[in-house]
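Step one of this worksheet: look at the structure below.
Rule-based calculations on the coordinates, nothing more; no lab input. Bear in mind that the values here come from a model prediction, so they are computed numbers and not experimental data. Cβ placement follows ideal geometry from the backbone for every residue including glycine, while neighbour counts extend to all protein chains displayed.
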Amino acid sequence: MSVDSSYDCCSAELFHIGESTPGKAAAKAQIKFDQFVNVSLNIAVTGETGSGKSSFVNALRGLKDDDVKAAPTGVIETTKLATMYEHPEMPNVKIWDLPGIGTPNFKAKKYLKDVKFNTYDFFIILNSVRFTENDIMLAKEIRKQKKSFYFVRSKIDNDISAEKKKRGFDEQKVLSLIREYCQKNLKELGDPRVFLISSCDLEEYDFELLQNVLEDELPEHKKDALLQAWPVCSAASLEKKIKIFKRMIWAVSLVSGGIAVVPVPGLSAACDVGMVVLFLTRCYFAFGLDDRSLTRLSEKVNKPHLKDLAKSKFVTAIREKALTRLQASAALGTIATVEYLLSLLPGVGSAAAAVLSFGTTQYLLREGVNDLANTAQVIRKEAGLASVH
């Protein structure tokens with residue numbers, strides 16, 4: 001990339017975010033990038049004993065119930081205390097498996113105090129049959145505390161499987177009846193929406209709808225954390241992930257440009273490599289290109305060869321923990337000396353070094369995000385899941 005074209009891009013970004021100097025823009029970009037990778041999101045999952053809370057927690061984390069580090073599941077109550085599970089690849093996203101609320105002596109206010117109510121950004125209240133007085137009491141108390149809750153009717157796949165055996169089966173009619181039955185018990189809360197979900201099959205039913213509602217209601221910086229960690233459940237959800245990573249390229253590139261102003265040999269290249277590795281690795285996991293996600297998808301559609309399609313340049317590099325670091329080092333290393341010499345020149349030298357670093361990092365990140373996005377889209381198409389709902 002030429003210095004002139006890099007300068008034009010860098011100037012456009014400065015104008016776009018309303019900053020007059022590269023230093024101020026880089027500082028603002030650093031805050032944005034730090035939020036993107038570090039902002040905390042705490043999701044509380046609660047409900048009646050046996051409602052499938054632990055399986056839902058595992059599904060949100062991209063795990064099966066028998067995977068290592070999965071939340072324990074069983075036919076009896078397995079959650080005695082509020083238990084925190086980090087997302088395997090996004091440690092800033094934490095999903096909490098809360099104790100069941102189905103005991104006769106359940107007291108909503110005491111329950112919320114015991115599970116440290118203020119820890120969570122929102123609550124998901126699960127039930128696998130119908131929502132009870134305990135669910136309603138808990139929702140009312142959460143509302144009093146001015147936090148959000150969402151009702152999820154779990155194990156829908158079991159209901160559909162049972163109903164399929166009956167004559168005249170109509171899936172949409174069955175789903176409508178289940179939804180109406182659930183909402184009937186929640187009238188006193190003002191007809192809250194009920195999401196029908198199968199933790200075994202996130203592509204089906206209302207899992208994507210739940211994602212869309214959470215997106216609409218979360219603050220912007222929390223929304224990015226949700227979208228990065230939320231399992232890919234449709235072509236549309238993948239597109240949203242691609243957009244947020246493309247949107248963040250400017251921030252990483254401008255931070256790179258700000259670092260390049262400091263006249264220390266190799267400093268910009270070293271920092272750029274670290275940011276590129278972190279950013280593209282996040283992208284790789286968010287798009288579902290890791291072995292665990294691909295294995296789960298292959299088993300779902302019975303196409304073992306899907307994993308063979310994940311062999312693009314950047315996918316291979318990230319998987320082998322060599323690609324991005326080696327490629328970024330090579331790409332950025334070629335300009336490290338030039339950056340250093342330019343940064344020693346009075347006035348214009350530092351700006352030129354920043355522009356060079358900005359342009360190089362931006363180019364590398366665009367190549368990486370496009371490579372990973374194209375690979376994910378090809379795999380979904382081969383899996384027969386390419387259409388946008």
Let's test the formula: R0 of 45 Å, r as the Cβ-Cβ distance of Tyr181 and Lys313. What FRET efficiency results, to the nearest 0.05? 0.30
Given Leu63, Asn185, Thr73, which one lies farthest toward the positive end of the charge dipole of the range 39-229, if we put +1 on the Cβ of every Lys and Arg and -1 on the Cβ of every Asp and Glu? Asn185
Once fully extended, how much extra length lies between Asp170 and Glu204, figured as 0.36 nm per residue of separation less the alpha-carbon to alpha-carbon distance? 10.7 nm
Footprinting proxy, Glu171, Glu367: sorted fewest to most Cβ within 10 Å, the residues are Glu171, Glu367
Given the C-alpha centroids of the range 183-232 and the range 293-307, what is the distance between them in whole angstrom? 25 Å
Could you line up Met137, Met84 from fewest to most neighbouring Cβ atoms inside 10 Å? Met84, Met137
Would you mind calculating the relative contact order of the range 39-229 from Cα pairs under 8 angstrom and at least 6 residues apart, reporting the percent as a whole number? 24 percent
Kindly flag which residue pairs out of Lys184/Lys223; Lys109/Lys184; Lys24/Lys241; Lys64/Lys300 have an alpha-carbon separation exceeding 21 Å in this structure. Lys184/Lys223; Lys109/Lys184; Lys24/Lys241
Among Thr46, Thr281, Thr119, rank each residue by its count of other Cβ atoms within 10 Å, from fewest to most, as a rough exposure measure. Thr119, Thr281, Thr46
